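Trainee: One structure, as structure tokens, below. Some questions next.
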Amino acid sequence: MPFSGLSDFISLLEKSSELDRIRHFVDPQLEITEITDRVVKNGGKALLFENNGTAFPVLMNAFGSDTRMTAALGRRNLDEPAGEIMSLFGQLTRPKNNLFDYLRSLPDLVRISGYLPSRKRGKGKCQQIIHRDPDLSILPVLKCWPHDGGRFITLPMVHTKHPVTGSTNVGMYRMQILDRKTTAMHWQRHKTGANHFEAWKQKGEKMPVSVALGGDPVYTWASTAPLPENIDEYILAGFLRKKKVSLVKCITNDLWIPYDADIVIEGYVDPSEEMVWEGPFGDHTGFYSLADWYPKFHVTCITHSRKAVYPATIVGIPPHEDAWLTKATEKIFLAPVKLTVQPEITDFHMPDAGVAHNLVIVKIDKSFPGQGKKVISSLFGAGQMMFTKYLVVVSGDIDIRDYSALLRHVLENTDFRTDLLFTSGPLDVLDHTSEINSMGGKLGIDGTIKLIEELQAGKGAAISGVDRPADFTVVKKTKSGITENDLKINARIILGVDNAVDTEDLFMVAWQILGNSDPGRDIRFISDHTIHIDGTIKAFRDGGFPRKWPNVVCSSDETIRKTDQIWEYLGIGALLSSPSAKYSKLSCQGNDEVLVKS
């Protein structure tokens, strides 16, 4: 069902016992983050912070469960829209042999046209109240983590338009508050917003930008979806909500935004201006993304509905709310990937520990030798999959979300001598392990079941008998480092981690290994059947590291203590311990500064 603003969605969540209202005062600076972090990691409800020092309630953790994620998309489950998209793509891409075949496809074309966004005259619900002398301080913008560069808008739907083609884009780029009328705009070099910015720069004109917050929650997910450039996000939103999105014209620029958004921040970016220093920011990788230069956004107007709610999210050490957004993307985009990129793909999965781009698991229907390698080569160049650092391809009857079974399956079907494909290429800007910014090592693993031709060529990794090695073991780095003696272990994979890592917590181990390693640099062959992956901090290696190495993201001791003290007044159940109390041990020797000191 479509929602007309966040208030509608909140009503549904409350009826479904999926929301807690917090009426006790909670400070948007650090405190909302700490409370939400505890609730998210314990599978808790959405939170509405009604008393935060502003006129706008803050909605947190709105997407943080399967139930809430499917409700946000207006569906009963995530398989439903995925099946519809598969059926629709199948109808539209099926070969047409005659006129009658074309006529049979017309209802599908008509159905798609019904989801195209429409433009309404007059003002929208999002413009019931207009602030022509805008002041960003009226909004309860969060400072999430102690070493963030300031307060950040974390769920902005940033609307831009190409000055030549007129194509529009809605992307999610964090925005750091600089003062009451300006923010930084963190669109990374690979993003469509940055491409539009460069086009306006070449034209020598100011770039109109409008930022929507809230509205139907499906808009938020659509703005994160990996759509091809020039495909309107509101077509996808309309398809999912079964109702076209109504757009209204902004007050101070020519962009169009959802009629039922909760809050809209209008303005422009002047490409002729010098960039501003943005960050650091406690990011979804679990590490601080370090400060860098980004464009400045000037606010010309703020509008909102009379019952506007301010939506926000936090990211940090996974899992967080973005894990459910990723899960929806996995389900819904399987059909387009299968039909337009690789038809043999039957499933793909981005584990939480891999923070979306560090690890992707792909399952295929294999029919010829070398097919696993073919898929690896293709996906490393496909859209946002180009950011993938570790890509594993499997085949056969295996549940790729059962990690123990998956690991055994991969090891049984992978010959380290021939089935590991090392390469290099673009990485996410947030990756801190590569020695060159946004470019580094990648590894594709062909863990598919080998066919007879591949076995005859000497491939196949089966190791049997009493000396069968363990699947993996974890080795801690001590003051003397990880020595050759430490690597004399009968295991297929030896994982090297820093001393503070809890080796009994396999999620922590996996997150550290994936986040702190560059496959081209940090994987070493011990023998034909054993590899060592170095997931330790590289800032301490001989000669140091050419880039700044960020610390892990944790709350301060002071914030943890203060949250413990007010917890009983929040009305959300028994006291939950702070995840930061555990993860702060990963900070360099207890140093919670933003940079690891080499």
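Trainee: Among 78-85, 449-456, how do they line up from the highest to the lowest mean number of other beta-carbon atoms within 10 Å?
Mentor: 78-85, 449-456
Trainee: Also: Could you derive backbone 3J(HN,Hα) for segment 347-354 from the dihedral phi with the Karplus parameters 6.51, -1.76 and 1.60 (θ = phi - 60°), listing whole Hz in sequence and x where the residue is Gly or Pro?
Mentor: 6, 8, 8, 10, x, 4, 5, x
Trainee: What are the extents of the Cα atoms of segment 438-550 along their three principal axes, in Å, largest first?
Mentor: Projected onto its principal axes, the Cα set of segment 438-550 covers 48, 35, 26 Å.
Trainee: Also, I was wondering about something else. With the Cα gyration tensor of segment 273-338 in hand, convert its eigenvalues to equivalent ellipsoid semi-axes via √(5λ) and list them largest first in whole Å.
Mentor: Working from the Cα gyration tensor, I get semi-axes of 28, 21, 15 Å.
Trainee: Something else about it: Hey, got a sec? Which trypsin sites (Lys or Arg not before Pro) in segment 208-270 land in a DSSP loop and have at most 12 other Cβ atoms within 10 Å?
Mentor: Sparse-neighbourhood loop trypsin sites (Lys or Arg not before Pro): none present.
Trainee: Turning to a different aspect of this structure: Tell me the GluC sites (Glu not before Pro) within segment 501-598 that lie in a loop according to DSSP and have at most 11 other beta-carbon atoms within 10 Å.
Mentor: E504
Trainee: Can I ask one more? In the structure shown, do any of K389/K476; K373/K476; K243/K327; K477/K548 have a Cα-Cα gap over 30 Å, and if so which?
Mentor: Pairs exceeding 30 Å: K373/K476.
Trainee: Using unit Cβ charges (K, R positive; D, E negative) and no other charged atoms, how large, in debye to the nearest 20, is the dipole of segment 341-540 about its Cα centre? Intermediate results must be reported in sequence, preceding the final value.
Mentor: On the way: 20 positive and 28 negative charges, 84 e Å.
Roughly 400 debye, rounded to the nearest 20.
Trainee: In 5 Å bins starting at zero, report the fraction of Cα pairs in segment 113-220 per bin as a rounded %.
Mentor: 2, 10, 16, 21, 20, 17, 9, 3, 1, 0
Trainee: If I histogram all Cα-Cα distances within segment 411-454 using bins 5 Å wide from 0, what percent of pairs lands in each bin?
Mentor: P(r) for segment 411-454, in whole percents per bin: 5, 20, 22, 14, 12, 14, 8, 4, 1.
Trainee: Follow-up question, since we're still on this one. Calculate, axis by axis, the spread of Cα positions in segment 114-176 along the three principal axes, and write the results as whole Å, longest axis first.
Mentor: 46, 28, 25
Trainee: Which FRET efficiency value, to the nearest 0.05, is calculated for S16 and D254 with the Förster distance at 35 angstrom and r the Cβ-Cβ distance?
Mentor: With R0 = 35 Å, the Cβ-Cβ based efficiency is 0.30.
Trainee: Calculate the translational D of segment 341-540 in whole µm² s⁻¹ from Stokes-Einstein, where the hydrodynamic radius comes from the Kirkwood formula applied to all Cα pairs, the temperature is 20 °C and the viscosity 1.002 mPa s.
Mentor: 124
Trainee: Go ahead and run the numbers for FRET between M275 and E229, Cβ-Cβ distance against an R0 of 22 Å, rounding to 0.05.
Mentor: It comes out at approximately 0.40.
Trainee: For the residues D505, D133, D283, D292, what sequence is obtained by ranking on other C-beta atoms within 10 Å, fewest first?
Mentor: Fewest-to-most ranking of D505, D133, D283, D292: D133, D505, D292, D283.
Trainee: Does segment 315-357 come out rounded, prolate or oblate, given a ≥ b ≥ c as the square roots of the eigenvalues of its C-alpha gyration tensor, rounded meaning a/c under 1.5 and, failing that, prolate meaning a/b above b/c?
Mentor: Numbers: a/c = 3.56, a/b = 2.48, b/c = 1.43.
Cα axes put segment 315-357 in the prolate bin.
Trainee: Taking the number of other C-beta atoms within 10 Å as the exposure measure, put H357, H304 in order starting with the fewest. Mind dumping the intermediate values first?
Mentor: Numbers: H357 21, H304 26.
Going from sparsest to densest Cβ surroundings: H357, H304.
Trainee: Also: Give the order of K41, K442 when sorted by the count of other beta carbons within 10 angstrom, beginning with the fewest.
Mentor: With the sparsest Cβ surroundings first, the list reads K41, K442.
Trainee: Also, quick follow-up: Just want the answer: with Cβ charges of +1 for Lys and Arg and -1 for Asp and Glu, which residue in G535, V394, I523 is farthest toward the dipole's positive end in segment 341-540?
Mentor: With unit charges placed on the Cβ atoms, the residue in question is I523.
Trainee: Bin width 10 Å, alpha-carbon pairs only: give the P(r) of segment 1-94 as whole percents, running from 0 to the bin holding the largest distance.
Mentor: Result, from short to long distances: 15, 39, 27, 12, 7, 1 percent.
Trainee: Could you give me the ³J(HN,Hα) list for segment 394-409, computed from phi with Karplus coefficients 6.51, -1.76, 1.60 and θ = phi - 60°, whole Hz, x at Gly and Pro?
Mentor: Those phi angles translate into 10, 9, x, 8, 9, 7, 6, 9, 9, 5, 5, 5, 5, 4, 4, 4 Hz.
Trainee: Hand me the chymotrypsin sites (Phe, Trp or Tyr not before Pro) from segment 217-279 located in a DSSP loop with no more than 16 other Cβ atoms within 10 Å, in residue order please.
Mentor: Values: sites: Y219, W221, Y234, F239, W256, Y259, Y268, W277; in loops: Y259.
Hits after loop and neighbour filter: nothing returned.
Trainee: Can you spot the lysines whose alpha carbon is less than 22 Å from K206's alpha carbon? Ignore those fewer than 8 places along the same chain.
Mentor: Result set, ordered by chain and number: K161, K181, K191, K249, K296.
Trainee: In cubic angstrom, how much convex hull volume per residue do the alpha carbon atoms of segment 320-438 span?
Mentor: Hull volume normalised by residue count: 117 Å³.
Trainee: Three principal axis extents, largest first, for the C-alpha atoms of the chain, in Å?
Mentor: Between the extreme Cα coordinates on each principal axis of the chain lie 76, 72, 51 Å.
None of the figures in this text is laboratory data; all of them are computed from the coordinates on show. Note that the coordinates shown come from a computational prediction; the quantities given were computed from them, not determined experimentally. Counting neighbours? That spans all protein chains shown, and the Cβs are built from the backbone with ideal geometry, glycine included.
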